[in-house]
Amino acid sequence: VAARLTTTDWLRRLVAHRTVVGSSNIALIDDVKGYAEACGATATVIPGTRPGAVNLYVSVGPRDTRGIVLSGHTDVVEAPPEAWTSDPFDVASRDGRLVGRGTCDMKGFVASLLAALPDLAAMDLPRPVGIALSADEEMGVRGVGPMLDVLAAAEHLPLFCVVGEPTRMRVAVAHKGKVAMRIQLRGKAAHSSAPHSGVSAVHHGATLVGEVCRYGTRLAAAAHDDRFAVPHASVNVGRIEGGTSVNVIADNCEFDVEYRLPPRQSPAAVVSAVRSLAGAAETAMRSDAPQASVDIEILADYPGLDIAGEVPALVARIAETDCAMCADFGTEAGLFHERLGVPVVICGPGDVAQAHTIDEFIDESELERCDRFIRRLAYSLSEL
Ligand SMILES: [Zn+2]
């Protein structure tokens, strides 16, 4: 039998697992798995997309019918301790707030789920409740794919999913999609007094930066969605590096570009358009140096979310909140919807303004609202 832990207890315990982006989350997953099994739940570890990063699917209730899935990621962004007023991995309680890395984004939601688990397991639920804990969300939503494969192949798809990213317990029905790419150009080095004997990766890279940005401007003009603060696609080249010296023709140049897209614009189409721009640059470079190359690495790629129908209003009623806000940040919800084909909404405790900040915090009152939401959701299952 599992020890009784409050949401705050669980939040302390989860934050103490330093699941900073790029590190291992296995100790956290083992901890949660042991507890879930002691509660009488089934808990299945599902691989992620790199060593050291795994997903966990916890389920309570019957197996022979459709249920609901509640989802949260287990990783957090970095927290340089010298910048914080207290240890980011040791939750501090101040003025009704709990301070620590991941309290808001989004270990608070996960803590609330885990604290409710003994009650859910004891409830004789009419439908299953699944808790999907993912890896590597903060690495461009890269870890959850294998868990979605498992959920998509299951005999019973969920009726709907709730992704608990911070919305102050409001229900978000849409978010933008995103594609982020690293583009690496390799040219041919030469002395700058003989430019014809080399191929400048920096010059070609600069031209390609201009082209990917102009493409972003065309995307922005092609579709409007007034529900978002930025009501169209946007592009950003956020990093560029290349060359060694002003008197050397540069043989390398690398830059990172991201596009944020309204839900109706497809990340796949953007990837293929950028590939063709890169391909044209490569062809131009190879006419002077056959070894030249332009390679693309996908850093992040997830679709937007846009949910209609009855589920948003249903979840809003259970959460005792209003409905139909749009999130300006990306989440796993778009992928859940794309892969499972069932309604997915975002609803979780905390304010996204605190996510990724120094001295990140969550109001204890937000966690109390989330605790109540989960209990009301469990009692609502008989009406679904
Ligand atoms: Zn998050």
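Some values worked out for this structure:
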read-out	value
Failed condition for GLY198, given (1) within 16 Å of the ligand (Cβ to nearest atom); (2) surrounded by fewer than 22 Cβ atoms within 10 Å (Cβ to Cβ); (3) not basic (Lys, Arg)	(1)
Region 232-262, residues that are open to solvent by 30 Å² or more (accessible area, probe 1.4 Å) and either more than 30 Å from HIS191 (Cα to Cα) or hydrophobic (A, V, I, L, M, F, W, C) (or both)	HIS232, SER234, VAL235, ASN236, VAL237, ILE240, VAL246, VAL248, GLU258, ARG260
Residue within region 31-48 that is assigned to a strand (DSSP E or B), touching a Pro at 6+ places or on another chain (Cβ under 8 Å) and β-branched (Val, Ile, Thr) present	yes
Any hit, region 279-296, residues being open to solvent by less than 10 Å² (accessible area, probe 1.4 Å), in contact (Cβ under 8 Å) with a residue 24 or more places away in the chain and not hydrophobic (A, V, I, L, M, F, W, C)	no
In region 354-384, the residues that are in a helix (DSSP H, G or I) and within 13 Å of the ligand (Cβ to nearest atom)	GLN354
GLY34 being surrounded by fewer than 22 Cβ atoms within 10 Å (Cβ to Cβ) and closer than 22 Å to SER380 by Cβ	no
Test set (1) outside any loop (DSSP other than H, G, I, E, B); (2) away from the ligand (no atom under 16 Å from the Cβ) - MET106 fails condition number	(2)
Residue match in region 157-170 (condition: within 16 Å of the ligand (Cβ to nearest atom), out of contact with any Ser or Thr (no Cβ under 6 Å at 6 or more places or on another chain) and β-branched (Val, Ile, Thr))	yes
Within region 322-341, tally of residues that are more than 16 Å from the ligand (Cβ to nearest atom) and touching a helix residue (DSSP H, G or I) at 6+ places or on another chain (Cβ under 9 Å)	7
Every pair of residues 6+ apart whose Cβ atoms lie under 6 Å, when the first sits in region 147-174 and is assigned to a loop (DSSP other than H, G, I, E, B) while the second is aromatic (Phe, Trp, Tyr) and surrounded by 24 or more Cβ atoms within 10 Å (Cβ to Cβ)	GLY164/PHE109
All positions within region 15-37 that are β-branched (Val, Ile, Thr) and without any contact (Cβ under 8 Å) to a residue 40 or more places away in the chain	ILE26
Residues within region 175-193 that are assigned to a loop (DSSP other than H, G, I, E, B) and either β-branched (Val, Ile, Thr) or in contact with a Gly (Cβ under 9 Å, 6 or more places away or on another chain) (or both), tallied	4
GLY22 vs. criteria under 27 Å from LEU335 (Cα atoms), open to solvent by less than 50 Å² (accessible area, probe 1.4 Å), within 16 Å of the ligand (Cβ to nearest atom) and assigned to a loop (DSSP other than H, G, I, E, B)	yes
Residue within region 305-316 that is in contact with a Lys or Arg (Cβ under 8 Å, 6 or more places away or on another chain), of a type outside the set (Gly, Ala, Ser) and in contact (Cβ under 8 Å) with a residue 60 or more places away in the chain present	yes
Set ASP75, ASP90: member being away from the ligand (no atom under 16 Å from the Cβ) and either farther than 15 Å from ASP9 by Cα or at pLDDT 95 or above (or both)	ASP90
Any hit, region 38-55, residues being on the phi > 0 side of the Ramachandran plot, touching a residue at least 24 places away in the same chain (Cβ under 8 Å) and either away from the ligand (no atom under 16 Å from the Cβ) or in contact with a Gly (Cβ under 7 Å, 6 or more places away or on another chain) (or both)	yes
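Here's the yes/no breakdown for (1) under 21 Å from PRO312 (Cα atoms); (2) of a type outside the set (Lys, Arg); (3) modelled with pLDDT of 95 or more; (4) more than 16 Å from the ligand (Cβ to nearest atom):
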position: GLY67; (1), (2), (3), (4): yes, yes, yes, yes
position: LEU98; (1), (2), (3), (4): no, yes, yes, yes
position: ALA116; (1), (2), (3), (4): no, yes, yes, yes
position: ALA135; (1), (2), (3), (4): no, yes, yes, no
position: ASP149; (1), (2), (3), (4): no, yes, yes, yes
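The values are calculated or read from the model by the stated rules, or taken from the named source; none is laboratory data. Because the structure is a prediction, the values reported are computed rather than measured. Backbone-built Cβ (ideal geometry, glycine too); neighbour counts: all protein chains shown. Calculation scope for accessible area: heavy atoms of the full protein, side chains included, ligands and nucleic acids excluded. Shrake-Rupley method; radii C 1.70, N 1.55, O 1.52, S 1.80 Å.
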